[in-house]
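J.: Next up is a structure, given as structure tokens.
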Amino acid sequence: MDDEMEGGNLGPYQDRPRTFPSMKSKAYAPWIFRVLMRINSRVLLVLLLVCFGAIFYIGASTSPILVFVFSVCIISFFVSIYLTKWVLAKDEGPPEMSEISDAIRDGAEGFFRTQYGTISKMALLLGLVILGIYLFRNITPQQELSGLGRVTSAYITVAAFLFGALCSGVAGYVGMWVSVRANVRVSSAARRSAREALQIAVRAGGFSALVVVGMAVMGVAILYAILYVWFGVDSTGTMKATDLPLLLVGYGFGASFVALFAQLGGGIFTKAADVGADLVGKVEQGIPEDDPRNPAVIADLVGDNVGDCAARGADLFESIAAEIISAMILGGTMAQRCKIEDPSGFILFPLVVHSFDLVISSVGIFSIRNKRDSGVIGTIEDPMKTLEKGYSVTIFLAILTFGLSTRWLLYTEQAPTAWLNFALCGLVGIVTAYVFVWISKYYTDYKYEPVRTLALASTTGHGTNIIAGVSLGLESTALPVLVISLAIVSAFWLGRTSGLTDEAGIPTGGLFGTAVATMGMLSTAAYVLTMDMFGPIADNAGGIVEMSQQPESVREITDVLDAVGNTTKATTKGFAIGSAALASFLLFSAYMDEVAAFAQEPFKQVDIAIPEVFVGGLLGSMLIFLFSAWACAAVGRTAQEVVNEVRRQFIERPGIMDYKEKPDYGRCVSIVASASLKEMIKPGALAIISPTVVGVLFRILGYYTGHPLLGAKVVASMLMFATVSGILMALFLNTAGGAWDNAKKYIETGALGGKGSDTHKAAVTGDTVGDPFKDTAGPSLHVLIKMLATITLVMAPIFL
């Protein structure tokens with residue numbers, strides 16, 4: 001190949017040899033996996049049995065409910081292992097496909113190693129800061145009575161924080177590990193059957209989803225059980241079970257911390273490479289997407305894995321962990337106020353719901369089976385319909401298992417029909433999730449009017465495309481907000497009328513009703529993540545097919561899968577935003593409960609008519625806009641470097657366009673890797689530092705003005721306004737970006753002039769504008785608002 005390139009003897013595009021320059025490097029795996037792989041298989045089996053035995057022992061010592069949770073999680077891990085073996089048993093296709101896949105895998109794993117090395121150092125530093133704060137903070141009277149001192153509380157919180165960060169990192173690695181191995185197998189399967197390619201992509205995404213959700217549930221359950229046994233909870237003179245969930249907030253903070261930086265770094269990487277590749281390759285040079293002549297193509301394909309797979313795995317892990325912990329806190333608080341004899345059902349209910357999620361999502365994944373088809377696009381079933389059938393199966397089973405869970409765990413003699421109200425709250429959440437998915441699909445799928453209208457706007461130029469995309473994104477915020485509002489009010493009302501009251505006869509189930517609705521919305525999270533992971537795997541498969549010069553019929557199959565993947569990514573982002581809105585409401589309520597516990601006085605309202613509190617709200621809204629600006633600017637600056645590098649290579653190596661010279665793919669990978677690691681620091685630091693600084697400053701001001709709770713009130717206002725602004729901004733960014741992308745895909749099907757036309761070039765411009773919206777700033781925002789809530793939970797004592 002080298003001799004042919006040097007001699008300029010390569011034939012035209014269609015006739016040239018299907019080879020690819022080797023970019024292989026030493027395979028990378030995290031140290032924990034390298035250690036495990038060196039252990040003898042029999043010794044490893046014994047160690048696993050010992051670990052399982054210890055887990056079941058502490059589970060049985062805590063509650064039979066945890067034994068059920070551990071059993072389901074372990075079974076789901078075995079199911080995920082089966083899915084892995086099934087996917088890896090598929091062939092990798094011809095050598096040119098394997099070589100491209102190896103290059104993508106090496107680039108993704110190399111960036112992952114560097115990125116998570118940086119994140120781990122920052123996590124350790126922040127752990128030391130948390131330790132110092134907790135050693136000098138106050139503790140609640142309940143904790144003091146139970147013998148939990150400052151030192152013990154500090155070390156537990158830091159350990160939980162680091163454990164949550166570690167689990168979130170592993171979740172991210174699992175998401176990337178499967179995607180970089182499944183992509184080439186999907187490409188190979190597309191040569192035979194569209195349905196087989198779809199099944200491989202879904203099962204690869206299913207493996208990641210089951211592991212991520214299982215780890216989130218298992219991590220919280222293990223931490224809870226260990227603390228329960230260690231403190232001898234509910235024994236005379238010890239901590240009560242209702243107070244224990246407050247010790248888990250560090251776990252959620254650790255997960256949020258890693259997810260935010262993973263999403264920022266991965267999003268900057270993938271979209272800077274994508275924008276650079278599209279602007280020079282498609283617009284300036286007129287070459288197809290994923291063309292091997294484009295020097296940025298490998299960086300673009302690597303970015304799909306580190307941005308859309310690794311980051312999304314950490315993101316969903318954080319979402320589930322935060323929702324579980326906040327619901328446990330609210331369930332324990334309500335059980336304590338209602339004087340329920342055995343509060344374990346209300347506290348552990350979220351763990352059971354997500355355990356059933358693993359079961360029903362597995363059924364949904366296996367419901368997508370391979371059927372014979374001709375491999376011709378016109379004769380195969382629409383992949384989106386196939387995925388929707390699996391989602392419908394999952395939704396139906398979720399309704400059944402949710403009702404079973406509420407009757408099992410939330411039945412109490414004090415209010416015999418309360419479980420039915422909470423079951424209806426769960427149904428509200430499940431319906432909300434389904435409606436959110438449908439709304440996102442309507443605004444981002446090119447089968448519907450909004451995206452086709454956007455594509456039509458491209459016929460009159462670049463400017464009208466941008467105007468139409470912005471207006472579509474702004475409009476798309478209306479329906480989701482109405483749905484969220486209706487869900488919160490409905491769930492709160494159902495919970496409030498459940499019959500559970502405190503000693504004064506005041507209804508207390510409202511907030512727990514919203515918590516149950518959030519659980520209902522996330523009760524199909526594993527299947528939703530499966531659909532999300534499907535997108536980047538299909539995208540990578542299309543790139544491998546293009547670069548290895550497969551027949552046009554194969555590329556048509558991967559194009560259809562890629563377009564569906566764009567829609568599933570957009571719909572799952574809408575799902576994530578909706579769940580983030582409900583979860584943030586729970587975390588906000590948990591924060592107010594925690595402040596009341598530390599201050600020993602009621603803290604149920606935040607009066608924004610107080611000037612300082614109103615200022616806190618303004619700062620929260622400003623934080624959202626400033627964070628979004630910095631995230632988008634980071635993509636823009638990095639993309640400029642990529643554009644300049646790609647232009648330089650085309651000028652200095654004119655033989656690239658005739659396949660007489662090799663592009664320097666590694667240079668573009670290096671540029672986006674180093675820049676994304678540098679650029680993720682500033683917006684991430686803004687998110688971490690802002691609420692702490694604001695709370696401390698207004699606490700000092702409140703001390704001198706005679707308002708002891710001013711710091712806590714200002715932070716509450718900041719959190720409230722940031723949540724509202726963040727939800728709206730994330731909806732706008734994600735939907736507009738997804739619509740721009742699929743408008744381009746619609747034109748590439750041959751509509752309105754097809755590839756290479758002026759209409760297509762205008763659509764490419766819109767797509768590049770939307771890239772940082774939908775894959776960097778938008779996804780990072782819904783992580784940000786949950787991380788702000790977990791930070792305030794962890795730091796609440798220093799605001800008083």
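The values are calculated or read from the model by the stated rules, or taken from the named source; none is laboratory data. Bear in mind the structure is a predicted one, so any value in this text is a computation, not a measurement. So basically every Cβ, Gly included, is an ideal-geometry build from the backbone, and we count neighbours across all protein chains shown. We work out accessible area using only protein heavy atoms, side chains counted, and drop any ligands, DNA or RNA first. Shrake-Rupley method; radii C 1.70, N 1.55, O 1.52, S 1.80 Å.
J.: Could you compute the net charge surrounding residue 322? Neighbours are other residues with a C-beta less than 12 Å from the C-beta of residue 322; K and R count +1, D and E count -1. Mind dumping the intermediate values first?
T.: Values: positive: 786; negative: 315, 318, 323.
Cβ neighbours under 12 Å give a net charge of -2.
J.: Give me the accessible area per residue for the range 598-682, probe 1.4 Å, as a whole number in Å².
T.: Values: 4250 Å² over 85 residues.
I get 50 Å² per residue for this part.
J.: A further question follows. So how do 435-448, 247-260 stack up, highest first, on mean other-Cβ count within 10 Å? The partial results should precede the final answer.
T.: Working: 435-448: 21.8, 247-260: 30.0.
Taking the mean over residues of other Cβ atoms within 10 Å, the ranking is 247-260, 435-448.
J.: So, by mean Cβ neighbours within 10 angstrom, what's the order for 493-501, 203-211, 347-355 with the highest one leading? Present the calculation step by step, with values, prior to reporting the outcome.
T.: Working: 493-501: 20.9, 203-211: 29.6, 347-355: 26.8.
My ranking of the peptides, most packed first, is 203-211, 347-355, 493-501.
J.: Just going by the charge dipole of the chain, with Lys and Arg at +1 and Asp and Glu at -1 on Cβ, which of 729, 688, 171 is farthest out on the positive end?
T.: 171
J.: Okay, next question. For the pair residue 693 and residue 155, what calculated FRET efficiency results from E = 1/(1 + (r/R0)^6), where r is the Cβ-Cβ distance and R0 = 35 Å, to the nearest 0.05? Before the final figure, lay out each step's value.
T.: Working: r = 25 Å, r/R0 = 0.72.
The pair residue 155/residue 693 has a calculated efficiency of 0.90.
J.: Obtain the nm distance between the two label points defined at residue 686 and residue 506 by a simple spin-label model: each point lies 7 Å from its Cα along the Cα-to-C-beta direction.
T.: 3.9
J.: As an exercise, use a Förster radius of 35 Å and the Cβ-Cβ distance of residue 459 and residue 382 to find the FRET efficiency, rounded to the nearest 0.05. Before the final figure, lay out each step's value.
T.: Values: r = 26 Å, r/R0 = 0.75.
It comes to 0.85.
J.: In the chain, carbon and sulfur make up what percent of the accessible area (probe 1.4 Å)? Show your work: numbers first, answer last.
T.: Working: 17940 of 28110 Å².
Answer for the chain: carbon and sulfur cover 64 percent of the accessible area.
J.: Taking only the Cα atoms of the range 448-570, how large is their convex hull per residue, in Å³?
T.: Details: hull volume 17.7 nm³, N = 123.
It is 144 Å³ per residue.
J.: Under a Cβ-only charge scheme (Lys and Arg +1, Asp and Glu -1), can you give me the dipole magnitude of the range 102-218 about the Cα centre, in debye to the nearest 20? It would help to have the intermediate numbers written out before the result.
T.: Values: 11 positive and 5 negative charges, 75 e Å.
About 360 debye.
J.: If r is the Cβ-Cβ distance from residue 705 to residue 600 and R0 is 22 Å, what FRET efficiency results, to the nearest 0.05?
T.: Working: r = 21 Å, r/R0 = 0.94.
Efficiency for this residue pair is about 0.60.
J.: With 32 Å as the limit, write out which pairs from 90/121; 90/389; 569/713; 389/678; 90/660 have Cα-Cα distances beyond it, or answer none.
T.: 90/121; 569/713; 389/678; 90/660
J.: Using +1 at the C-beta of Lys and Arg and -1 at the C-beta of Asp and Glu, which of 220, 575, 557 has the Cα lying farthest in the positive direction of the dipole of the chain?
T.: The listed residue farthest towards the positive side: 220.
J.: Around residue 714, with a cut-off of 12 angstrom between Cβ atoms, what is the net charge of the other residues, counting Lys and Arg +1 and Asp and Glu -1?
T.: Details: positive: 699, 713; negative: 607, 612.
My count for the surroundings of residue 714 gives 0.
J.: Another question about this same structure. Once you keep just the Cα pairs under 8 angstrom separated by 6 or more residues, what percentage relative contact order results for the chain?
T.: Values: 1488 pairs, mean separation 156.8, N = 800.
With pairs under 8 Å counted, the relative contact order is 20 percent.
J.: Report the equivalent ellipsoid semi-axes for the chain in whole Å, largest first, defined as the square roots of five times the eigenvalues of the gyration tensor built from alpha carbon atoms. Spell out each step's value before the answer.
T.: On the way: eigenvalues 397, 152, 127 Å².
One finds semi-axes of 45, 28, 25 Å for the chain.
J.: Follow-up. In µm²/s, what is D for the range 638-729 at 37 °C and 0.692 mPa s, where D = kT/(6 pi eta Rh) by Stokes-Einstein and Rh is the Kirkwood radius from Cα pairs?
T.: Details: Rh = 17.4 Å.
The calculation lands on 189 µm²/s.
J.: Sort the following peptides by mean Cβ neighbour count (other Cβ atoms within 10 Å, averaged over residues), highest first: 629-642, 688-701.
T.: Values: 629-642: 20.6, 688-701: 18.1.
Answer by packing, highest mean first, reads 629-642, 688-701.
J.: Okay, next question. Please work out how much length the chain gains when fully extended from residue 131 to residue 52, using 0.36 nm per residue of separation minus the C-alpha to C-alpha distance, in nm with one decimal. Provide the component values of the computation, followed by the final result.
T.: Details: separation 79, 0.36 × 79 = 28.44 nm, distance 3.09 nm.
Once the chain is fully extended between residue 131 and residue 52, it gains 25.4 nm.
J.: Assuming a viscosity of 1.306 mPa s and a temperature of 10 °C, what translational diffusion coefficient in µm² per second does Stokes-Einstein assign to the range 151-231, Rh being the Kirkwood radius over Cα pairs? Intermediate values should be presented prior to the final figure.
T.: Details: Rh = 14.9 Å.
Using the Kirkwood radius from Cα pairs, D works out to 107 µm²/s.
J.: Then there is this: Along the positive direction of the dipole of the chain (beta-carbon charges: Lys, Arg +1; Asp, Glu -1; about the Cα centre), which of 62, 204, 511 reaches farthest?
T.: Towards the positive end, the residue furthest out is 62.
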